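I have placed the structure first, in the form of structure tokens, so that the comments after it can refer back to it.
The values are calculated or read from the model by the stated rules, or taken from the named source; none is laboratory data. Remember, it's a predicted structure, so these values are computed and weren't measured experimentally. Heads up, the Cβs are rebuilt from the backbone with ideal geometry, glycines too, and the neighbour counts pull from every protein chain shown.
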Amino acid sequence: MIIRPQPTVRKLRQRGGPSIPMKKFVLTLTALAFVPTLVTAQTTVEEIIARVNNQIITKSEYARSKDQLRDEVRQQAPNDADKIYAEKEKDVLRDLIDQQLLLDKGKDLGFTGDTELIKQLDQMRKEMKLDSMEALEKAAEQQGVSWEDFKQQQKNQIITRKVIGEEVGGHLSISSEDAQQFYEQHKQEMEGPEYIRLSEILVAPKPTTPAIAPAPDANAPPSDSAAKTASDPAKQEVDEASLKAAEAKANDLLKQIRNGASFDEIAKKYSDGPSAQDGGALGIFKRGQLAKELEDKTFAMKAGDVTDVIRTKQGYVILKVNDHQQAGIPPFKDALPKIQDALYMEKLQPALRAYLTKLREEAYIKVAQGYVDTGHSANQTEPIETVAAKESDAKKLSKKKHRKLGFL
């Protein structure tokens with residue numbers, strides 16, 4: 001698995017939300033007094049293309065953001081990559097400034113992201129099937145990524161999402177009239193085939209060892225030995241015992257579920273399937289994608305129903321129908337969750353843009369000549385540069401040059 005840090009606000013754009021890339025500043029520093037590590041007085045350390053409050057955005061960061069945008073566009077729309085990139089490239093600096101404004105606001109609100117970061121990294125570790133956080137760190141470093149920088153990038157995403165959720169999303173409201181109107185306008189787009197969404201609990205037979213096993217005949221040829229093993233009554237008894245134990249365990253788990261236990265929690269604790277860590281979630285299935293026996297059982301069930309124990313080649317399974325969507329246009333009540341999500345994202349875009357404009361007007365932002373912030377507000381205040389500010393910028397640049405940047 002490749003871990004590729006993405007700007008949080010850009011993720012919203014990918015989901016249909018506001019287009020907001022990342023940030024970097026440009027100003028050439030030449031005075032040796034400002035950069036103690038320089039060897040000669042007229043050496044250019046880095047270009048600062050923007051300053052947001054007490055933070056800077058450099059030309060190299062700006063270039064990395066454009067490269068990252070280009071990669072994202074190529075992955076999502078390879079046939080129209082050049083056209084889409086040309087449309088979005090102009091907003092890269094704006095998005096970088098937006099992100100820094102959100103991070104500054106998160107700091108003001110006391111959002112650290114520490115707890116969420118631990119959970120996010122652990123989930124990443126599980127998805128990569130790694131046994132420890134040290135293994136995840138090693139995987140990052142093997143791909144040329146500074147572990148500390150990577151963690152900071154993830155934390156920035158967490159803080160940004162939290163600020164947007166609480167300061168913008170939390171103030172949006174969707175009326176029943178809005179939802180009904182959206183449904184009527186988009187009915188035909190919602191039409192689709194019948195499908196079900198399933199979760200499973202798998203109990204696989206565990207091989208057991210008989211108390212006394214007959215010694216193999218060392219002089220027998222391999223074929224004779226294999227034939228003897230296949231017809232060995234003791235071996236058959238062992239297989240039958242393991243199957244019965246698995247069936248008994250599956251029936252006990254089903255009984256717990258029927259008595260009110262959470263299917264997801266039982267799956268996480270006891271399922272032998274690869275979906276266990278996701279609460280047994282298998283995904284969506286249309287007719288013709290399941291074995292005939294399973295299709296007949298599950299497509300006859302309603303959302304929330306759980307099957308009896310079913311024998312399969314892998315062992316014994318219990319299936320839960322989480323959702324059952326009939327063919328055609330879904331009724332309003334079934335489509336409502338998706339409608340609410342669509343309306344939320346539709347309303348979030350202008351609300352977030354207005355919020356970011358407000359943050360701009362409360363901040364000190366300066367963009368170097370030759371660069372354009374497409375989110376600029378006429379009411380913004382530019383900072384007055386002082387020697388102390390330039391010294392501070394030089395220190396930030398020196399620190400950035402010694403950080404090991406990159407992505408997994």
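If you take the residues of the stretch 296-327 that are in a loop (DSSP other than H, G, I, E, B), farther than 16 Å from F263 by Cβ and not polar (S, T, N, Q), which of them is modelled with the lowest pLDDT?
K313
Is at least one residue of the stretch 359-378 of a type in the set (A, V, I, L, M) and part of a strand (DSSP E or B)?
Going residue by residue through the stretch 359-378, those that are of a type in the set (A, V, I, L, M) are 359, 363, 365, 367-368, 372, 378.
Still in the running and part of a strand (DSSP E or B): 365, 367.
Yes, the conditions are met somewhere in the stretch 359-378.
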Filter the stretch 108-130 for residues that are in contact with a helix residue (DSSP H, G or I) (Cβ under 8 Å, 6 or more places away or on another chain) and either of a type in the set (D, E, K, R) or farther than 20 Å from F150 by Cα (or both); which is modelled with the lowest pLDDT? K126
A careful count of residues in the stretch 313-331 that are farther than 30 Å from E189 by Cβ, in contact (Cβ under 8 Å) with a residue 24 or more places away in the chain and surrounded by fewer than 16 Cβ atoms within 10 Å (Cβ to Cβ) gives 1
Checking the condition at pLDDT 95 or above and among the hydrophobic types (A, V, I, L, M, F, W, C), which residue from L38, L101 passes? L101
Within the stretch 275-295, how many residues turn out to be under 26 Å from K338 (Cα atoms), assigned to a loop (DSSP other than H, G, I, E, B) and free of Cβ contacts under 8 Å to residues at least 60 places away in the same chain? 3
Determine if the stretch 179-199 includes at least one residue that is acidic (D, E), assigned by TED's automatic domain parsing to the domain that holds M345 and in a helix (DSSP H, G or I). no
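Return the only residue of D264, D272, D252 being within 30 Å of D122 (Cβ to Cβ), outside the structural domain of M128 (by TED's automatic domain parsing), part of a loop (DSSP other than H, G, I, E, B) and at pLDDT 90 or above.
Selected residue: D272, the only one of D264, D272, D252 that is within 30 Å of D122 (Cβ to Cβ), outside the structural domain of M128 (by TED's automatic domain parsing), part of a loop (DSSP other than H, G, I, E, B) and at pLDDT 90 or above.
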Does T298 satisfy being surrounded by fewer than 17 Cβ atoms within 10 Å (Cβ to Cβ) and among the β-branched types (V, I, T)? no
Of these, D91, D149, which one is under 30 Å from K358 (Cα atoms), modelled with pLDDT of 95 or more and either crowded, with 17+ Cβ neighbours inside 10 Å or charged (D, E, K, R) (or both)? D91
For a quick check of your reading of the model, give me the residue pairs whose first member lies in the stretch 354-372 and is assigned by TED's automatic domain parsing to the domain that holds Q55, whose second is part of a loop (DSSP other than H, G, I, E, B) and among the hydrophobic types (A, V, I, L, M, F, W, C), with beta-carbon atoms closer than 7 Å and at least 6 apart or on different chains. A368/F25; A368/V26; A368/L27; Y371/V26
